[in-house]
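Structure first, then comments.
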Amino acid sequence: MTAFRTLDSANVANKRVLLRVDLNVPMENGKVSDATRIERVLPTIREIADKGGKVVLLAHFGRPKGPDPKESLRPVAAAVAAHLGRPVGFAEDCVGPTAKAAVDAMKPGDIVLLENTRFHKEEEKNDPDFVKDLADNGDIWVSDAFSAAHRAHASTEGLGHVLPAYAGRTMQAEVEALAKALEAPQRPVLAVVGGAKVSSKLELLGNLVKKVDILVIGGGMANTFLAAQGKAVGKSLCERDLLDTARSILETAKGAGCEIVLPIDVTVASEFKAHAPSKVVSVDAVGADDMILDIGPSSVEVVKGKLAQAKTLVWNGPFGAFELEPFDKGTNAVAQEAARLTKAGKLLSVAGGGDTVSALNHAGVGEDFSYVSTAGGAFLEWLEGKALPGVEILRQR
Ligand SMILES: Nc1ncnc2c1ncn2[C@@H]1O[C@H](COP(=O)(O)OP(=O)(O)OP(=O)(O)O)[C@@H](O)[C@H]1O
Ligand SMILES: O=C(O)[C@H](O)COP(=O)(O)O
């Protein structure tokens, strides 16, 4: 299944190991609010450090347009150190003299996190010169970032062309677990897609509807579909330039025999704030100043009914702004029902995504799903059957 080289065959002692991890973790008030992605990469960090490797962590954070202190990984370095129980150094750049000085000073077993790779626009372009600059600080490259493996970026893919490449333990575990759970899923398969990354995920749904039997659309994603059906969505998150794409996805679904489930009622508020005054309205009665922040109770009942029909659930993206009470109600209710059905042996449930994992933990059911992946966008692309560049590069070498 894993036709790629793993740490079992890597000689890391005394080597500078560029370890790509996904530290794109949810933050609240400058603090990591869900450490699942950090927890998942600790075994690989420990293994390399304990074998005498110098662990040089590479990661991105957010989607900065250039260097931006608000998107610095510095607070995340402190969180990694706290979870690891070992010191983690930090360098204010991932290439150039600052990075070189930090790496040159490392001893076997040391761990250093380099600043956000996306502070350089060349990262996302997979620019060969930038790849070389990154590679200058490493002898081998280990990728443990399955959740960023759908990006063919310098640190997630490019490095695999110029350095000996290996899969870390989380990469290995994610690919194996998803293949085991979903290669031949029991039908009906129900997919839930919600969340806020509408522009980057919406187009994926065109392929997904050909693979699943029921697609439940929630969160910010649903607003674009509601608008595509001519409904008013007020001040809600909505990608107006993707309305045609949404319509064509609805058509594709019809042709593929995939049932699409959209909210029938929603919870609206006039501001994106915890405890903002809110009300439940029909999707036909959203006002011009309203912001849809959750699905409503009738929609929850509809989704529960669909869950009862399904044998397999795949879920990415919360139903609402679950970080802000009371807009966590829809996500909590559906997550708890999915967990109940899973525990009763009636449903195989797989969920993925940085905020999705956080939402399941928030609902108190993070441990009750059959498998929880740290990947969101990568998970969806994997479900579509797409080859992920950051996984393929590991297979090739
Ligand atoms: N109706 C809504 N309006 C605005 N934001 C919403 C709405 N519904 C959900 N969200 C937001 O969506 C965010 C999560 O979406 P996202 O697509 O990033 O999911 P994810 O699980 O983190 O996936 P990935 O790992 O790809 O980032 C949450 O911060 C939540 O507040
Ligand atoms: O959060 C994620 O899904 C990954 O870290 C990838 O982030 P991106 O969607 O900004 O590339």
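The values are calculated or read from the model by the stated rules, or taken from the named source; none is laboratory data. These numbers come from a predicted model, not from an experiment. Backbone-built Cβ (ideal geometry, glycine too); neighbour counts: all protein chains shown.
Checking the conditions here, which among A359, A310, A351 is within 24 Å of A148 (Cβ to Cβ) and in contact with a Pro (Cβ under 8 Å, 6 or more places away or on another chain)?
Of the residues listed, the single one that is within 24 Å of A148 (Cβ to Cβ) and in contact with a Pro (Cβ under 8 Å, 6 or more places away or on another chain) is A359.
Looking at the range 198-220, which of the residues that are under 13 Å from V266 (Cβ atoms) and within 16 Å of ligand 2 (Cβ to nearest atom) is surrounded by the fewest Cβ atoms within 10 Å (Cβ to Cβ)?
The extreme case among them is G220.
Within the range 304-320, restricting attention to residues that are aliphatic (A, V, I, L, M) and buried (at least 24 other Cβ atoms within 10 Å of the Cβ), which residue is farthest from ligand 1 (Cβ to nearest atom)?
A310
Which of the residues spanning the range 181-197 are surrounded by 13 or more Cβ atoms within 10 Å (Cβ to Cβ), among the basic types (K, R) and more than 16 Å from ligand 2 (Cβ to nearest atom)?
Selection gives nothing.
Do you know which of the residues in the range 1-53 that are in a helix (DSSP H, G or I) and of a type in the set (S, T, N, Q) is farthest from V76 (Cα to Cα)?
Among them, the one singled out is S9.
Looking only at the range 50-61, how many residues end up being within 16 Å of ligand 2 (Cβ to nearest atom) and surrounded by fewer than 24 Cβ atoms within 10 Å (Cβ to Cβ)?
Looking only at that region, the number is 1.
How many residues does the range 251-264 contain that are within 23 Å of P318 (Cβ to Cβ) and surrounded by fewer than 20 Cβ atoms within 10 Å (Cβ to Cβ)?
Selection size over the range 251-264: 4.
Does the range 61-68 contain any residue that is within 30 Å of A10 (Cβ to Cβ) and of a type in the set (D, E)?
Checking the range 61-68: not a single residue is within 30 Å of A10 (Cβ to Cβ) and of a type in the set (D, E).
Please specify each residue of the range 341-363 satisfying the condition of being part of a helix (DSSP H, G or I), surrounded by 21 or more Cβ atoms within 10 Å (Cβ to Cβ) and touching a strand residue (DSSP E or B) at 6+ places or on another chain (Cβ under 7 Å).
Answer for the range 341-363, where residues must be part of a helix (DSSP H, G or I), surrounded by 21 or more Cβ atoms within 10 Å (Cβ to Cβ) and touching a strand residue (DSSP E or B) at 6+ places or on another chain (Cβ under 7 Å): T356, V357, L360.
Check whether at least one residue in the range 293-304 is in a loop (DSSP other than H, G, I, E, B) and farther than 20 Å from A276 by Cα, and report yes or no.
The answer is no; no qualifying residue exists.
I'd like to check which helices (runs of 4 or more DSSP H) are fully inside the range 140-226 and have at least 1 residues that are modelled with pLDDT of 95 or more and more than 16 Å from ligand 1 (Cβ to nearest atom).
159-162, 169-182
Condition check ((1) crowded, with 21+ Cβ neighbours inside 10 Å; (2) touching a Gly at 6+ places or on another chain (Cβ under 8 Å); (3) over 17 Å from L388 (Cα atoms)) across all residues:
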{"residue": "N116", "(1), (2), (3)": "yes, yes, yes"}
{"residue": "P128", "(1), (2), (3)": "no, yes, yes"}
{"residue": "D139", "(1), (2), (3)": "no, no, yes"}
{"residue": "S143", "(1), (2), (3)": "yes, yes, no"}
{"residue": "A152", "(1), (2), (3)": "no, yes, no"}
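Given E47, E71, E92, which one is within 16 Å of ligand 2 (Cβ to nearest atom), outside the structural domain of G376 (by TED's automatic domain parsing), surrounded by 15 or more Cβ atoms within 10 Å (Cβ to Cβ) and at pLDDT 95 or above?
E71
Is it true that some residue in the range 322-340 is surrounded by fewer than 17 Cβ atoms within 10 Å (Cβ to Cβ) and small (G, A, S)?
no
Scan the range 266-273 and give yes if some residue there is surrounded by fewer than 16 Cβ atoms within 10 Å (Cβ to Cβ), in the same structural domain as S370 (by TED's automatic domain parsing) and either among the aliphatic types (A, V, I, L, M) or in a helix (DSSP H, G or I) (or both), otherwise no.
Within the range 266-273, not a single residue is surrounded by fewer than 16 Cβ atoms within 10 Å (Cβ to Cβ), in the same structural domain as S370 (by TED's automatic domain parsing) and either among the aliphatic types (A, V, I, L, M) or in a helix (DSSP H, G or I) (or both).
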